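Here the structure comes first, spelled out in structure tokens, and everything after it is commentary.
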Amino acid sequence: MKALILLAKVAIGFVWAVLLLNLFHPFPGVAAIALYIMTAFLLAMHGLQMLIFLGAFGDKLSLSRWEKWSILIFGIFALLDIRRKHMV
């Protein structure tokens, strides 16, 4: 399970790299517009996940600063990793 979560985080990291690359060096044509929309959507969804998780469990778990940011970056895969670490 740990290896699969790591593999998924690498995949999401690649997606973020492509989306950020598009911000600084836009792809030609309609692809840039589609990637801008995907960037906004991914940021909104992961931000919503982070807010919901911290609102529900923020007072019950002591999360490091990196764990909070990792939810924003990696979404559900960070949540699965946090669950694996804290549920012994």
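The values are calculated or read from the model by the stated rules, or taken from the named source; none is laboratory data. Since the structure is predicted, the reported quantities are computational estimates derived from the model, not experimental observations. All Cβ positions, even for glycine, are placed from backbone atoms using ideal geometry, and neighbour counts span all protein chains on display. To get the accessible areas, we keep the full protein, side chains included, count just its heavy atoms, and leave off ligands, DNA and RNA. Shrake-Rupley method; radii C 1.70, N 1.55, O 1.52, S 1.80 Å.
Separation between the L72 and V15 pseudo-spin-labels, each 7 Å from Cα along Cα→Cβ, expressed in nm?
Between L72 and V15, the simple spin-label model gives 1.8 nm.
Calculated from DSSP H runs of 4 or more alone, at -39500 (n - 2.57) each and per residue, what is the 222 nm mean residue ellipticity of the chain, nearest 500?
About -27500 deg cm²/dmol.
Which ³J(HN,Hα) values in Hz, rounded to whole numbers, follow from the phi angles of segment 7-15 under the Karplus curve 6.51 cos²θ - 1.76 cosθ + 1.60, where θ = phi - 60° and Gly and Pro get x?
Couplings: 4, 5, 5, 5, 5, 5, x, 5, 4 Hz.
Mind checking which lysines have their Cα closer than 22 Å to the Cα of K2? Skip sequence neighbours fewer than 8 apart in that chain.
The reachable lysines, counting only those whose Cα sits under 22 Å from K2, are K68, K85.
State the percentage of accessible surface on the chain attributable to carbon and sulfur atoms; use a 1.4 Å probe and exclude ligands, DNA and RNA. If you can, show how the numbers build up before the last one.
On the way: 4830 of 6190 Å².
It is 78 percent, rounded to a whole number.
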